[in-house]
Amino acid sequence: MQYQISGKQLDIGEALQTHVQTELNEMIEKYPGRPTDAQVVFSKDAHEFVCESVVHLSTGLTVQARGRAGEIYAAFDSATEKMGKQLRRYKRRLKDHYKERPVPVELSGASSYILAAQTDDEMDEPDSLAPMIIAEMEVTIPQLSVGEAVMQMELAGAPVLVFRNDKQDAGINIVYRRDDGNIGWIDPKTAK
């Protein structure tokens, strides 16, 4: 497994890097899916350290967690504990996903844009209806079943997931977490 361990305006020592690799290996070897790479980023927020961990599995699924604590090792341990809970919760589904899908999840390329927010001055009367693009990124859209998409959204801790539906000629679908705690699924029908 490849590791990318870094710090945002923090110096990450050799001992911390070794600790991260050892702990992640111990936690992930219990679960199916053969991890391909892990990204761990440490940062400081006021008096707390923040650790953001992302592990990509060979099946195309991604697991991520975030931990906060007064010490950097405790922040990493908190993130690892959350990731372990997520993986335990989905262990059976991950095994089923691994058995049912001998090849990795198919990914399609797409563009993602960040649009500038309107200021109070612009709220009254905008100069133009065209939004100002402040960033453009390449993203991937996985081809999953609805159940797999919900599992991926939960594992990633994301509020929404856009995916190509396995069951419907790869049409674009969306799953999202509703305010009432339930999961919403948008399944656009094509006109015939």
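Descriptive notes on the structure:
- Selection within segment 56-75: residues that are of a type in the set (D, E, K, R) and part of a strand (DSSP E or B). The member of this set that is farthest from ALA149 (Cα to Cα) is ARG68.
- Checking each residue in segment 38-85 for being surrounded by fewer than 18 Cβ atoms within 10 Å (Cβ to Cβ) and among the aromatic types (Phe, Trp, Tyr) picks out only TYR73.
- Scan segment 51-85 for residues that are at pLDDT below 90 and small (Gly, Ala, Ser) and the total you get is 3.
- Given (1) in a loop (DSSP other than H, G, I, E, B); (2) within 27 Å of LEU144 (Cβ to Cβ), index of the condition SER53 fails: (1)
- In segment 170-192, the residues that are assigned to a strand (DSSP E or B) form Cβ pairs under 6 Å with partners that are at pLDDT below 90 and among the small types (Gly, Ala, Ser), at six or more places apart or across chains, as follows: VAL175/ALA149.
- Within segment 86-109, the set of residues being modelled with pLDDT of 75 or more and outside the structural domain of VAL162 (by TED's automatic domain parsing) comprises GLN86, LEU87, ARG88, ARG89.
- Of all the criteria given as (1) part of a helix (DSSP H, G or I); (2) surrounded by 17 or more Cβ atoms within 10 Å (Cβ to Cβ), the one not satisfied by THR22 is (2).
- Criterion: in a loop (DSSP other than H, G, I, E, B), over 23 Å from PRO142 (Cβ atoms), over 20 Å from the mean Cα position of the chain (by Cα) and among the aliphatic types (A, V, I, L, M) - qualifying residue of LEU10, LEU16: LEU10
So that you can scan it fast, the table gives a plain yes or no per residue for (1) over 24 Å from MET83 (Cβ atoms); (2) β-branched (Val, Ile, Thr); (3) under 20 Å from the mean Cα position of the chain (by Cα):
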| position | (1), (2), (3) |
| --- | --- |
| ILE133 | yes, yes, no |
| VAL139 | no, yes, yes |
| VAL146 | no, yes, yes |
| MET153 | no, no, yes |
| ASN173 | yes, no, yes |
| ILE183 | no, yes, yes |
| ILE186 | yes, yes, yes |
| LYS189 | yes, no, no |
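The values are calculated or read from the model by the stated rules, or taken from the named source; none is laboratory data. In this text the structure is predicted, and so the values were computed from the model without any measurement. Because the Cβ atoms are built from the backbone with ideal geometry, glycine has one as well, and the counts that use them run over all protein chains shown.
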